1. Assuming 0.36 nm per residue, please report the length gained on full extension of the stretch LYS191 to ASP239 beyond their Cα-Cα distance.
2. From largest to smallest, what semi-axes in whole angstrom does the stretch 189-230 give when each is the square root of 5 times an eigenvalue of its alpha carbon gyration tensor?
3. Which values of log₁₀ I(q)/I(0), to two decimal places, follow from the Debye formula for the stretch 142-253 at q = 0.11, 0.19, 0.20, 0.23 Å⁻¹ with a uniform point scatterer at every Cα?
4. What is the P(r) of the stretch 32-146, as percent of Cα-Cα pairs per 5 Å bin from 0?
5. How about the stretch 75-170: which GluC sites (Glu not before Pro) there are in a DSSP loop, with at most 14 other Cβ atoms within 10 Å of their Cβ?
6. In whole angstrom, note down how far apart the Cα centers of the stretch 121-144 and the stretch 203-235 are.
7. Choose one answer from PHE123, PHE72, PHE241: the residue with the largest mean-square fluctuation in a GNM of the chain with alpha-carbon springs under 10 Å.
8. Taking DSSP loops as anything outside H, G, I, E and B, show the longest stretch in the chain free of trypsin sites (Lys or Arg not before Pro) there with at most 16 other beta carbons within 10 Å.
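The values are calculated or read from the model by the stated rules, or taken from the named source; none is laboratory data. Bear in mind the structure is a predicted one, so any value in this text is a computation, not a measurement. Cβ: placed from backbone, ideal geometry, glycine included. Neighbour counts: every protein chain shown. The protein model used for the area step is the full one, side chains on, heavy atoms only, and it has no ligands, DNA or RNA in it. Shrake-Rupley method; radii C 1.70, N 1.55, O 1.52, S 1.80 Å.
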Amino acid sequence: MGELYNISFEEESADIKDRVAGYWTKRADSFFDARYRELGSDKAGRWLDEISALIPQGGSLDILDIGCGAGFFEVLLGKQGHSVTGIDLTEDMIERTGQMVRLFGLDEGNVKAVSMDAEKLAFPDGTFDVVISRNLTWTLPHPVDAYQEWFRVLKTGGILLNFDAEYAKNAHRWLKSPENLAHQKISDELKDECHEIYHMLAISGLARPVWDTAVLAQIGFSRIETDTGFGDRVYKERDEFYMPDRMFRIAAFKE
């Protein structure tokens, strides 16, 4: 599908997914605590405002959260009456999402999480109104395959919302910096492991979100919008959630 695909993603080390899953298994407890606090902070309202401005209003939507982590979007969007299905490769994160859903008293039949590979979705074509993802794409060994799958499971008229950052670009500078407040309580051992994962992944060397935009257009998304100011609006305070690597937002529409 063009030179944008001529990157040897298929040659990525076979153990990358195991490494990524292992890393997030070690971080599951602290990650749960951080997302719980974030749901109780002003950030949650800002997230909801940003998302609500893009997704259809006036009814319940079928939403797929890819890389659900500890259940942030399940709670944020489930509380709005949407049906939210989270997937994650890490079993411990699936357990934490279930815990978060129960903690906030949401209907587990309508808001749930299952173990699944983001690059190989087990859903029929055209299942979801919204596909949403936060800080996942940078961990994928085959991001083109993932984007093709996300397009497939969207309904016609659906929207993909992808929130991510170029975390690898300044990893040497920021990963252990005191300015990286979101990672202050993470051990140096885990920071080193994260850094190793960055360098195992071809996506870490790409210019994003420019690369993503071009690939999404070739896959078939008809309208693609990027917003590099998203992180500055939502994480404007230098508090426990602040990271120097600023998050961008991609909105892609399937028409």
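1. 15.4 nm
2. So the three semi-axes of the stretch 189-230 are 28, 13, 7 Å.
3. Summing over Cα pairs of the stretch 142-253 leads to -0.42, -1.04, -1.10, -1.25.
4. Binned Cα distances yield the sequence 2, 12, 23, 25, 22, 12, 4, 0.
5. Loop-located and lightly packed - GLU108.
6. Between the Cα centres of the stretch 121-144 and the stretch 203-235 lies a distance of 14 Å.
7. Among PHE123, PHE72, PHE241, the largest mean-square fluctuation in the Gaussian network model of the chain belongs to PHE123.
8. 80-168
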